[in-house]
Amino acid sequence: MHNYYNDFFELGQLRINYNLYQIGVPSDDSVHIVKRVMKELDFSSLLNQYSRLGRKGYNPIMLFSILVYSALRGVRAVDRIVELCTRDLAYIWLAQGERPQRDAFYDFINNKLTNEILKDLHYQFIRKLEKEGFVSLKALFIDGTKIEANANRYTFVWRGSLNYHLVGLLDAIENSYNDYNTLITENAYDVKYTLSTMNMFIIEGMEKVREVIQKNRLRKANDKKKLSNNALIEIDNMSPLEMLRIQAKLMVIAKGEGIAFVDGKGQRKSDLQKLYERFEVFGERLMRYKTSFKIMRSDRNSYSKTDLEATFMRMKDDHMMNGQLKPAYNVQVAVENYFVVHSYVSADRTDYNPLIPVLEMHQEHLGHYPNEVTADSGYSSEKNLLFLQQKGIESFIKLQEHERMKKRAYKGDIGKYRNMTKVDSGYLCANNRLITFDKTQVSHSKGYTQTHQVYSCKDCSNCELKPKCLYKYDENKHRAKNKVIKVNECWDGLKEKSYNNIHSDKGILNRQIRSIQTEGFFGNMKANDDFRQFNHRSQDKVLKEFMLFAFGKNIDKYHKFLMGKIKRFEGKIDQAA
């Protein structure tokens, strides 16, 4: 194998290698730190991507160093990197005077530098930071943001729209099935050609879709907002092959009866040909819908035609305070002492689901779970907090109702069971009426099971507090209604523990650190480096692009720590976060 190590790091040289380009590069420039860090990494996995045979190409260690240094300086466009390799002294010194072109960089990024190799190099650097005392890997501060995908804005495909149009298509297909059965029975083709009648296939979940459509028609007549129609349907039963079988039977009839299929101006098509062509169109449309449902799977309700893995998300308001709905990715970072320990990219619109995969990455690549996790209320869910408890991870996650709990209205809401008196047999409401246990209710949502204890009051009649106690009380509808509450004891216990943690001195400090370091990272990324949209498409390439950016920023922080420009944030305990 070509000796890329000796070529790039000038090892084993018996003569003085006087590099003219180093004269103009300051001794404290971050490019020296980049090369020093690269020298301490093991590039075996990357070099194994190259053959021992053939002509020697550009040094892969040099190409990787240039990409990392570019990320450090906030340069992401390959054409700009190519230009800097010919004009910038730091780039020229790092490239050793070579001038790699854009095809060399694209081949390296797309074919040689896989996500697994990049993760291996990234975690080598993280372990180096741990050895030098910059990170402990015991505390993670997690946050996420939405970055626009490199996809056209008006190429959206919505599950609700597909469901709506699929109903009309299935009705048309059913009518065509009836026309086919009528055709073969009235003309005795079933006996003459031994053909059987066909029954329309059934798709599970369509009844719920039809029900929502009917409700929306009524709501539209009353000028009310439409309900979302994102019900999941059983696409395995959507079989275009059934229509191909009917077309084959129609072709048998056409040949036996001498019915020719015609086309063009002035030609009159037979009823049999018209039916054949209807099934042709229906089969193609059904196949397109089935493909769209497979792309979205069960965890998404939209995608972009130009980046199938990007989901349409509600972005933050622009300068004109307009809400932006764009194809985007959800980018997560886990930070400690300003360094990005983990990067994670998903198509989830919320922050509920990414938390556990990030922690699993910590276990997979670093050999253990962290001791504590700090995050905002977007990560607060029973599934996440229960996972933290099971893995022995201390939770410093703000609750979703954190701000509402501070208000007087929340504490004075007599309808909340938290503000009722707990007794052995149940709860006492504000009017001293007993609310007793009724049943246990189990609910399932996206693979997670929740258990609620349902309590109810046996008689709420003539209660003057009823309008304040019942949710959205209506005198005409709720006159005979009794109070019902649902209690999730597991969830309540997890929330109480996390609430106490975030209000402790350590919790206040952790929330300060999280807001400064994680949100500061994203603020610097968007405002200073103008990283608001990805350059690549597909989730794998987007993750690689972001990991390169994070790698460069980590080395930038490392350089600033060594130069004394920044120091570890200790916080101020006496200030509330």
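Across the cross-link table entries Lys406/Lys526; Lys39/Lys526; Lys422/Lys458; Lys439/Lys477; Lys220/Lys483; Lys220/Lys468, which are compared at the Cα atoms, the separations over 27 Å belong to Lys406/Lys526; Lys39/Lys526; Lys220/Lys483; Lys220/Lys468. Taken as Cα centroids, the range 209-231 and the range 353-383 sit 39 Å apart, rounded to the nearest whole angstrom. Under 16 Å of direct C-alpha separation, and excluding same-chain neighbours fewer than eight residues apart, Lys226 reaches these lysines: Lys208, Lys215. Loop-located trypsin sites (Lys or Arg not before Pro) in the range 159-227 (DSSP state other than H, G, I, E, B) with a sparse environment of at most 12 neighbouring Cβ atoms within 10 Å: Lys224, Lys225. The chymotrypsin sites (Phe, Trp or Tyr not before Pro) of the range 136-237 that meet both conditions, a loop assignment by DSSP and at most 12 other Cβ atoms within 10 Å of the site Cβ, are Tyr154. Basic side chains Lys and Arg get +1 at the Cβ, acidic Asp and Glu get -1 at the Cβ, and with that the dipole of the range 343-487 about its Cα centre reaches some 960 debye.
In the chain, excluding the sites themselves, the longest stretch lacking any of the GluC sites (Glu not before Pro) that are in a DSSP loop with at most 12 other Cβ atoms within 10 Å is 235-402.
Annotation note: chymotrypsin sites (Phe, Trp or Tyr not before Pro) in the range 479-577 located in DSSP loop regions with a Cβ neighbour count of at most 14 within 10 Å are Phe569. Distance from the C-alpha centroid of the range 407-474 to that of the range 535-560: 49 Å, rounded to the whole angstrom. Taking one quarter of the surface of the C-alpha convex hull of the range 427-577 gives a mean projected area of 16.3 nm².
Hydrophobic long helices, here whole DSSP H runs in the chain with Kyte-Doolittle means of at least -1.0 and Cα atoms spread over 15 Å or more along the helix axis, are found at 30-40, 60-72, 115-131, 159-186, 240-257, 271-296, 355-366, 505-523, 539-562. The range 55-116 and the range 488-506 have Cα centres lying 49 Å from one another.
FYI, it's all coordinate maths here, none of it is from the lab. No experiment lies behind these values; they were computed from the predicted model shown. Cβ coordinates were reconstructed from backbone atoms using ideal geometry, including for glycine residues, and neighbour counts include every protein chain displayed.
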